[in-house]
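The values are calculated or read from the model by the stated rules, or taken from the named source; none is laboratory data. Keep in mind it's a predicted model, so treat the numbers as computed, not measured. FYI the Cβ positions are ideal-geometry reconstructions off the backbone, even for glycines, and counts take in every protein chain you see.
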Amino acid sequence: MIGKNVHLNSLIIGSEISKIEDCAFCDFSNLTTLHLYENRKLSFIDENAFGFAKNGKLPKLESFSVEYCNLTTIPEKLLNWHSVKEVGIVGNPLNCTCDMAWIINDIMNPSHTMNLKKITRDYHDDSDTKLKCKYPLKYRNVELYEMDLKYCKKDDENVVEKSSGTSFVVGFIILAGLVLIAVGVTLCRYFLQLRKQRTLFNYGESRVIVNEDFDNNA
């Protein structure tokens, strides 16, 4: 839990933090620089960490870096990205699902709002500066600017198709089960009726034999 400090304007956290919770920086009203780079365990940032997502409170943040952390997604509503002068997000194992579509669309848009920069100087080579997908496997090492703008829609269509196929199979299995149950019930009734008829027939034969024996003895 980060304490309240309305006078702090620059904060660099280099310790091994794992997550940033709801409204963690709400009481840092004058914070203009927040650098969290190289926190390898940082895998989650609540979208309302600055209070912007829920109440529209506009942070004064000008420089924001989460480079070389362990984030798979960057919350769209975390900040008013247009007002942040420099944003560093490279070096994260990004999961390029529909949750990341807003960043990909922004990068591909000539009038993009995110001012992506290299903030930390600890780059090993040029490949370190490239924004790449790590997940899902079909997009691994694909740079964000190379992604198809309709990729999210295509993934949704594939999910719908798979869901429809699965629903058809499940429906067929249920229908087949109901048919088997109906046939089973009908057969059970038939055999029970047949057994009943045989029992009555055998009882009738027994009476005839008894009567014949009685007449012979008389």
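Scoring LEU42 on the criteria (1) more than 17 Å from THR129 (Cα to Cα); (2) buried (at least 21 other Cβ atoms within 10 Å of the Cβ); (3) among the aliphatic types (A, V, I, L, M); (4) touching a helix residue (DSSP H, G or I) at 6+ places or on another chain (Cβ under 9 Å) leaves a single failure, condition (4). Might you check whether a residue that is exposed (fewer than 15 other Cβ atoms within 10 Å of the Cβ), in the same structural domain as PRO136 (by TED's automatic domain parsing), touching a residue at least 12 places away in the same chain (Cβ under 8 Å) and not aliphatic (A, V, I, L, M) occurs anywhere in the range 60-74? Yes, there is a match, as at least one residue in the range 60-74 is exposed (fewer than 15 other Cβ atoms within 10 Å of the Cβ), in the same structural domain as PRO136 (by TED's automatic domain parsing), touching a residue at least 12 places away in the same chain (Cβ under 8 Å) and not aliphatic (A, V, I, L, M).
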